[in-house]
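Here is the structure we will look at, set down as structure tokens.
Read-outs throughout are calculated quantities, based only on the coordinates presented, and are distinct from any laboratory measurement. Since this is a predicted model, take the numbers as computed values, not measurements. Positions of Cβ are generated from backbone atoms using ideal geometry, with glycine treated the same way; all protein chains shown enter the neighbour counts.
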Amino acid sequence: MTGGTQSQQADCICLAGYYFASPDLWCQPCARGRYKSEVGNGECALSCPTNADSEPASIGLDACFCQPEYHANMDDEGQLATCIACTYSGLLCEGGFVEINLTDSQQTLPRVHSQPFARCLGI
């Protein structure tokens, strides 16, 4: 079984990011673009904003990222609110999260959403 704990099939309780699909399938990961933050057998009822996606088995809004050709618009609490179409002349929007290079591998930083940027052509 994936994504849950069990002693018997009837006792299966799914972890956050998983839902109880059926007695044959047991706990399955939430689909891309959906998430579930609670432990339990309920559906993955929460979804990422329009034009956003997430990896399977996501447990919160912080896992959601804008698709290519969109960029993140954050709310007052720093959470992804909407994904805005990238219609800016001369700017690119790759979507997703920015890769951060850390010199101290013990340090964890919150994910940073990719924002519009200008691509410089080689001189």
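Taking trypsin sites (Lys or Arg not before Pro) across segment 23-54, none is in a DSSP loop with at most 11 further Cβ atoms lying within 10 angstrom of its Cβ. Figure legend: label point modelled 7 angstrom from the Cα of residue 99 along Cα→Cβ; residues of segment 25-68 with amide N under 19 Å from it are 55, 65-68.
Legend: calculated FRET efficiency, residue 25 to residue 62, from the Cβ-Cβ distance at R0 = 30 Å, rounded to 0.05, equals 0.65.
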